[in-house]
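Below: the structure, in structure tokens.
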Amino acid sequence: MIILKNILVATDFGDAAEAALRYGRTLAETFGADLHVLHVLDAGFLEARFADPAALEAAARRQLSEEAAVDEQHRFRTHAAISKYDPPAEAIVDYARTAGIDLIVMGTHGRVGARHLLMGSVAERVVRTAPCPVLTVRHPEREFVAETVLSASAPA
């Protein structure tokens, strides 16, 4: 039997992360688990690129709040978190350990070749070091999570 009480979705707010969030929400609803949504602000990247990292953090907090508000209609609790950490893979793994996460769900861009060697893969590092199973969702790719639509004519 699989028991999931805490599911973590790591997000960078991109398309692959949105696909991972759909999986995380579906799994949380199916298993009655709490859903944790984590966005990592890469401290080194922020300091090198932005004069006002506080504004970027505020924008990320707003976006996480909007994501959590969507989940209020579901039968699971959502915990939104931001971590200022460098590197992001370590922040995700540390959060998973601290929060007692049973499953990490995260998107991957599926980079190959030189792009993969130069940029690395946060998802790959998380898979290697996580204290729990990791489900990676590649986008775009065939998905098995479908939106459920109840029609007005369906019997109750």
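A few notes on this one:
- One decimal place: the segment Glu66-Asp94 gains 7.6 nm when fully extended, by the rule 0.36 nm per residue minus the C-alpha distance.
- Amide H contacts of Leu41 (H built 1.01 Å from N, in plane; Pro and chain starts excluded): Ser83, Lys84, Tyr85 sit under 5 Å, all sequence-distant by 5 or more or on other chains.
- Projected label points at Glu124 and Arg138, each 7 Å from Cα along the beta carbon direction, are separated by 1.3 nanometres.
- Sorted peptide list for 56-66, 125-135, criterion being average Cβ within 10 angstrom, highest first: 125-135, 56-66
Every read-out reported here was derived from the displayed coordinates using simple, explicitly stated rules and does not represent laboratory data. Keep in mind it's a predicted model, so treat the numbers as computed, not measured. Cβ atoms come from the backbone with ideal geometry, glycine included; neighbour counts cover every protein chain shown.
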